[in-house]
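Notes to accompany the following structure.
The values are calculated or read from the model by the stated rules, or taken from the named source; none is laboratory data. This structure is a prediction, so every number in the text was calculated from the model and none was measured. Here the Cβ positions follow ideal geometry from the backbone for every residue, glycine too, while neighbour counts run over all protein chains shown. Ligands, DNA and RNA are excluded from the accessible area calculation, which covers all protein heavy atoms including side chains. Shrake-Rupley method; radii C 1.70, N 1.55, O 1.52, S 1.80 Å.
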Amino acid sequence: MVNGVLNSREVSFGVIHSQNSQLGGLARLSLALYKAPMEQTFTQIYAGPDKDKDEDGGAERGVATKVRPKTKKPSMWRVLLMNDDYTPMEFVVSILMGIFNKTSEEATQIMLNVHQSGVGTCGVYTFEVAETKVAQVMDSAKRAQHPLQCTLEKA
Ligand code: TYC
């Protein structure tokens, strides 16, 4: 199966620009998500012989493609903070204020919710904003030598 992205509304058989195989899996994912609002995505289901050549006495063969309509809204991602027994409460509050732009009251509420329930939401963002915030949290926690964990999930 080959996945790709085309600019045009028409999907022409046989013209499939394969994505750069040198890119890593995450890079390909980011690229696809970034391009999604502007372009159509198609999936090649089966690449058989050229239908026009009629090499098989008129049997229905060829390249099956699915064309999806243009996507307007980007998907949203929830950034989650995990509880642990060692990260100081003050550090978590400072992370929520500094990276997630919460007020002192909001940050304290979220921190206490995570402390009591085990997990809590810091915010919901587009993929690239969410992954940047997760990286900032993990970097700050690592530098301060706290075991604080932060992840993202599709909203
Ligand atoms: N449980 C931590 C403590 O008692 C505080 C804490 C809250 C840690 C939220 C992580 O995401 C967290 N010091």
Query raised in the report: Can you name every residue in the range 113-155 that is under 18 Å from Asp85 (Cα atoms) and touching a Gly at 6+ places or on another chain (Cβ under 9 Å)?
Result: Asn113, Val114, Ser140
Query raised in the report: So which pairs qualify, if the first residue must be in the range 79-95 and without any contact (Cβ under 8 Å) to a residue 24 or more places away in the chain, the second must be near the ligand (Cβ under 6 Å from one of its atoms), the Cβ gap must be under 6 Å, and the two must be at least 6 apart or on different chains?
Result: Val93/Met111
Report summary line: So, first residue at negative phi in the range 130-155, second residue within 16 Å of the ligand (Cβ to nearest atom) and open to solvent by 70 Å² or more (accessible area, probe 1.4 Å), Cβ within less than 8 Å, six or more apart or across chains; the pairs are Met138/Gln149; Ala141/Gln149; His146/Tyr86; Pro147/Tyr86
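Output the residues belonging to the range 61-78 that are in contact (Cβ under 8 Å) with a residue 60 or more places away in the chain and either among the hydrophobic types (A, V, I, L, M, F, W, C) or out of contact with any Gly (no Cβ under 9 Å at 6 or more places or on another chain) (or both). Even if it seems obvious, please write down each step before you answer.
First, the residues of the range 61-78 that are in contact (Cβ under 8 Å) with a residue 60 or more places away in the chain: 75-78.
Those that are in contact (Cβ under 8 Å) with a residue 60 or more places away in the chain and either among the hydrophobic types (A, V, I, L, M, F, W, C) or out of contact with any Gly (no Cβ under 9 Å at 6 or more places or on another chain) (or both): Ser75, Met76, Trp77.
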